[in-house]
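Since every read-out is calculated from the coordinates, none of them should be taken as a lab result. Note that this is a predicted model, so its numbers are computed, not measured. For neighbour counting, all protein chains shown are included, and Cβ atoms are generated from backbone atoms with ideal geometry for every residue, glycine included.
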Amino acid sequence: MPLRAEHDRVLLGRLLGRDPALHAYQLGDLDDFFWPYTSWFRRGEQVALLYHAVAPPTLLAFADAAGREELSALLTDLAPVLPARLHAHLSPGLAPVLAGWFHVADGGAHRKMALTDRARLAAVPGEGEPLGAADLPELTRLYAAAYPGNWFDPRMLDTGRYVGVRRDGRLVAVAGVHVYSPVWRVAALGNVTTCPGYRGRGLGAAVVSALCRRLAADVDHVTLNVKGDNVAALRLYDRLGFTLVAGYGEYSLTACAGPR
């Protein structure tokens, strides 16, 4: 089956919904909040998403082992029409498919995790209050001090799914979402950090626990992405009941002059 642009959200939801933990970001981007910033491509049962609300845009392409040959064919057809600069999140083995068209800079191995053990989560007391648009200046200062260079879209504060902890009158810990969709009942945690001077006090675990409890009202699948060598984060999420879903790689792509 040839590559095609896909605009049928119901069909995309059905295909991606076969593995909601693997495809949580893509499922969330079917929501009205994100849909205008997306372009979708399909070949047979496999789907790739180009998310262009950020600069450069980000390509998402994930498949289990059985689907990677078809997804590889999709990317082979898609490569000539992709932007000249983009980021890519790809299942293992797919980056070489794009190397004929792009210089590929490897951003390292990452892991997708999902909340699967709510008993562990329940054992960690939650703490934090919802944050909104009025908290943006304070949140921006916290990220500058504690998480410089993170990917944060201020629009996400409108979801009401950012939670923060204050000490001594200032924001010192936060947990939020990159994706949140009550329609597709998925969320992807992100932008989790604690002010350096307040680390080691359990605030990161407390604020993530509070956010997960808040998400439980309208989300079935709570997921996250984490760098494979971030030992402290992996330990934290394991303690909170998250388990490995799949590995993937993050890359920066810059177009070559032509196919090599």
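Could you derive backbone 3J(HN,Hα) for region 207-212 from the dihedral phi with the Karplus parameters 6.51, -1.76 and 1.60 (θ = phi - 60°), listing whole Hz in sequence and x where the residue is Gly or Pro?
6, 5, 4, 4, 5, 4
So how strong a dipole does the chain carry about its Cα centre when Lys and Arg Cβ are +1 and Asp and Glu Cβ are -1, to the nearest 20 debye?
My answer is approximately 560 debye.
Using each residue's phi in region 104-110, evaluate 6.51 cos²θ - 1.76 cosθ + 1.60 at θ = phi - 60° and report the 3J(HN,Hα) Karplus result to the nearest Hz, with x for Gly and Pro.
Coupling constants for region 104-110: 10, 9, 7, x, x, 6, 10 Hz.
How big is region 117-240 in terms of Cα radius of gyration and Dmax, in angstroms?
My reading of the Cα-based Rg and Dmax gives 13.4, 38 Å.
For region 33-45, in order, what is each residue's ³J(HN,Hα) by Karplus, 6.51 cos²θ - 1.76 cosθ + 1.60 with θ = phi - 60°, in whole Hz (x at glycine and Pro)?
Each residue of region 33-45 in turn: 4, 10, 3, x, 9, 10, 10, 10, 9, 9, 9, x, 8 Hz.
May I ask you to sort 75, 15 by Cβ crowding, counting other Cβ atoms within 10 Å and putting the fewest first?
Ascending Cβ contact count within 10 Å gives the list 15, 75.
Out of these labelled values of Cα Rg over 2.2 N^0.38 Å, [x] 1.10; [y] 1.02; [z] 0.95, which was calculated from the coordinates shown here?
[y]
Sorting check: for 178-189, 154-165, 77-88, which peptide has the highest mean count of neighbouring beta carbons within 10 Å, and how do the rest follow?
178-189, 154-165, 77-88
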